[in-house]
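Novice: Just dropping this structure here.
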Amino acid sequence: MLPRLLLLICGLLLIANPSRPTEGSPVTLICKTHSLQRSNAQFQFCFFRDSRALGPGWSSSPKLQIAAMWKEDSGSYWCEAQTMTSKVLRSPRSQINVRRIPVADVSLETQPPGGQVMEGDRLVLICSVATGTGNITFLWYKGATGLNLQTKTQRSLTAEYEIPTVRESDAEQYYCVAENGYDPSPSGLVSITVRIPVSRPILTLRAPRAEAVVGDVLELHCEARRGSPPILYWFYHEDVTFGSSSAPSGGGASFNLSLTAEHSGNYSCEASNGLGAQRSEAVILNFTGKAQALESLPSPVPQEFTFLTSNSPTPGQLQPVYENGEPSQMTHTKVGRHSSEQKAVSTTVCTWRLSFGLELP
């Protein structure tokens, strides 16, 4: 009986379909028998790779389905067959090489989408590849200097990096890189904007004098120290709004008010940037009375008076003496009985420049 079986079964052949599989794709191994004539013998089959049995071991099925082949599954394959009464037959070895596809079209997305996130919220950076097989290494980077945030290696086309609680310092540009043994492929830059709600604003009243009076122009300045621009400010008098002003680039804003007697009372302001509004504390403004009209008096004209010392001649007797065209000193000539006896007597002249100041009542 045994020689007859050997004649009927001339050999085995292992067939792989497909013969050159791509990573991640399924493969079917078929152990095919070659015989001279038809036989009703029941065979048991077993498949091997590099001396290791595959699947469930010995089975009545001549086929073995492998759900996904990976680069590390490349190797030498064969199959064996036997019956209860025959010896084991072995197929020739077949080399199966699994092809790896390089990563391509790397992209970076955010959750929440759009790249805008509230301070304190969760931010997820999702790195994806359109194509690529095998174990893919994903790397996330922050800023132009490329600060590496995290590295993950997994058999997937996407990977995530999470910032559980976003802070203001997380506002930056980000990108990711993916590679699977070939050249690394980077994504484009994604800008992250951290939206910050406004803090409680501070209201400051600025008047032209220590005690404001009717007719003064009062400046109300409202400022929230923190908050993403643009910020809109509303101004209130006794909880009734009377004006608004915006700060497109952040910071504070002002509103000018010409005071009347009805403007005494409590003032406050409110800041909002679409992420919630905050109201300032109330500031009390009281008036001291009406402004007094002040009459403007002309400036006094300086007066010049000349005083002579004792024994000085009258002003009509004084004659100026010039040197090089400039007055040098004042002298007078005392005239006696005889015109030939003329004696020049030096006289001291004091000139005072007096200015009179007027004080308003």
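Novice: How high is the FRET efficiency between GLN150 and ALA53 when r is their beta carbon distance and R₀ equals 35 Å, given to the nearest 0.05?
Specialist: 0.30
Novice: Also, quick follow-up: Looking at the square roots a ≥ b ≥ c of the eigenvalues of the Cα gyration tensor of the stretch 11-125, which shape do they give, rounded for a/c under 1.5, prolate if a/b is larger than b/c, or oblate?
Specialist: Details: a/c = 4.28, a/b = 3.28, b/c = 1.30.
Prolate is the answer for the stretch 11-125, as a/c is 1.5 or above and a/b outweighs b/c.
Novice: On to the next question. Taking H as built 1.01 Å from N, whose amide H comes closer than 5 Å to the amide H of SER156, not counting residues under 5 places away?
Specialist: Excluding prolines and chain starts, which carry no amide H, the hits are ILE136.
Novice: Taking 41 Å as R0, compute the FRET efficiency from the Cβ-Cβ separation of THR165 and ARG99 and round it to 0.05.
Specialist: After rounding to 0.05, the efficiency reads 0.40.
Novice: Using Cβ contacts closer than 10 Å as the measure, can you line up TRP78, TRP70 from fewest to most?
Specialist: On the way: TRP78 20, TRP70 17.
The order, fewest Cβ neighbours first, is TRP70, TRP78.
Novice: Same structure, new question: Mean projection of the alpha-carbon convex hull of the stretch 118-264 over all orientations, in nm²? Walk me through the numbers before you get to the answer.
Specialist: Values: hull surface 49.8 nm².
With the hull built on Cα positions only, its mean projection is 12.4 nm².
Novice: What share of all Cα pairs of the stretch 88-135, in percent, falls into each consecutive 10 Å distance bin?
Specialist: Reading the bins upward from 0: 19, 26, 19, 15, 9, 7, 4, 0.
Novice: Taking the beta-carbon count within 10 Å as an exposure proxy, list THR204, THR33, THR131 from fewest neighbours to most.
Specialist: THR131, THR204, THR33
Novice: Is the C-alpha gyration tensor of the stretch 104-195 telling us rounded, prolate or oblate? Criteria: a/c under 1.5 is rounded; beyond that, a/b larger than b/c is prolate, otherwise oblate. Present the calculation step by step, with values, prior to reporting the outcome.
Specialist: On the way: a/c = 2.20, a/b = 1.94, b/c = 1.14.
Since a/c reaches 1.5 and a/b is larger than b/c, the shape of the stretch 104-195 is classed as prolate.
Novice: Let me ask something else. By counting other Cβ atoms within 10 Å of each Cβ, how are HIS221, HIS34 ranked from fewest to most? All intermediate terms of the calculation are to be shown ahead of the outcome.
Specialist: Working: HIS221 18, HIS34 11.
Fewest-to-most Cβ neighbours within 10 Å comes out as HIS34, HIS221.
Values quoted throughout were computed directly from the atomic coordinates according to the rules given, and no laboratory measurement underlies them. The shown structure was predicted, so the numbers you read here are calculated from the model rather than taken from an experiment. Glycine gets a Cβ as well: all are built from the backbone with ideal geometry, and neighbour counts include every protein chain shown.
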